[in-house]
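The structure under discussion appears below in the form of structure tokens.
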Amino acid sequence: MTNPPTAGRRTMRAIPAFAALLVLAGCGTYHQRADSTALNGEATPAAWTGSITIASSPAGAACTVTRDGAQVAQITAPAPVTLARGNTPAEVRCTAPGHLATTTALRPLRDFAVKLNQATGPVGAQLHAEDVRTGRVRRFFDVTVTLPPATFATAAERDTWFAARAEAIRAAWAVQIGRAERSQDAMIDSAATLRGYMDADLATLEQQKAATTIARPARRR
């Protein structure tokens, strides 16, 4: 029996190696496809500088930023604040005359300007676990702390103000939730987790609503 030609044997040996290269190439670009699906046509953001701007409505509120039980900054809004990457949230508490003191949670979310390694293969799984553990692919975002008036002229005016504020909170979280629904692999936080954050913000808003007062009408003489 004659042996197959040498060139044929080399081709047969090369097929598995070539297939492996194709698999590795696919794994190497999967994070790009996942991010693209999550962003749904949005441009990839620029690299984060490590600083966010904290503004307030009304402007000029006195704000204190804390994280992990320690004060990070004390500012008059608007002003920049530097926050390190990581998994732990920060809080900003603002006060202004005639308004309720307001504390807003600052949650670090996925930074699409940084590669999130996907858990594809042993090496990918290790890198992905490190990304999640360290929070190195999370960042903070600019925020405007909206302080409710302490007193409203009527209940209807109060209800209108808080309904508009609730809608703004839902709209802001809808962006992040939509990304998670389109591609969980790109987000770290699940859509359910993000909805939990939104619900917590809405619950805080309801507590503020209960703390407001309705101005008493002036007595007739």
Gly69 fails exactly one of (1) within 30 Å of Thr29 (Cβ to Cβ); (2) surrounded by fewer than 16 Cβ atoms within 10 Å (Cβ to Cβ), namely (1)
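This table checks each residue for (1) crowded, with 19+ Cβ neighbours inside 10 Å; (2) at pLDDT below 95; (3) over 22 Å from Arg195 (Cβ atoms); (4) among the aliphatic types (A, V, I, L, M).
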| position | (1), (2), (3), (4) |
| --- | --- |
| Asn87 | no, no, no, no |
| Ala119 | no, yes, yes, yes |
| Pro122 | no, yes, yes, no |
| Gln126 | no, yes, yes, no |
| Arg138 | yes, no, no, no |
| Ala156 | no, no, yes, yes |
Within the range 183-221, of all residues that are charged (D, E, K, R), closer than 19 Å to Leu109 by Cα and part of a helix (DSSP H, G or I), the one modelled with the lowest pLDDT is Asp185
Of the listed residues (Ala166, Ala192, Ala186, Ala180), the one being loosely packed, with under 15 Cβ neighbours inside 10 Å and not assigned by TED's automatic domain parsing to the domain that holds Ala34 is Ala192
Reported set for the range 93-109 where residues are part of a strand (DSSP E or B), surrounded by 15 or more Cβ atoms within 10 Å (Cβ to Cβ) and within 16 Å of the chain's Cα centre (by Cα) is Thr104, Leu106, Leu109
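The values are calculated or read from the model by the stated rules, or taken from the named source; none is laboratory data. Everything quoted here is computed from the prediction, not taken from an experiment. We place every Cβ from the backbone using ideal geometry, glycine too, and count neighbours over all the protein chains shown.
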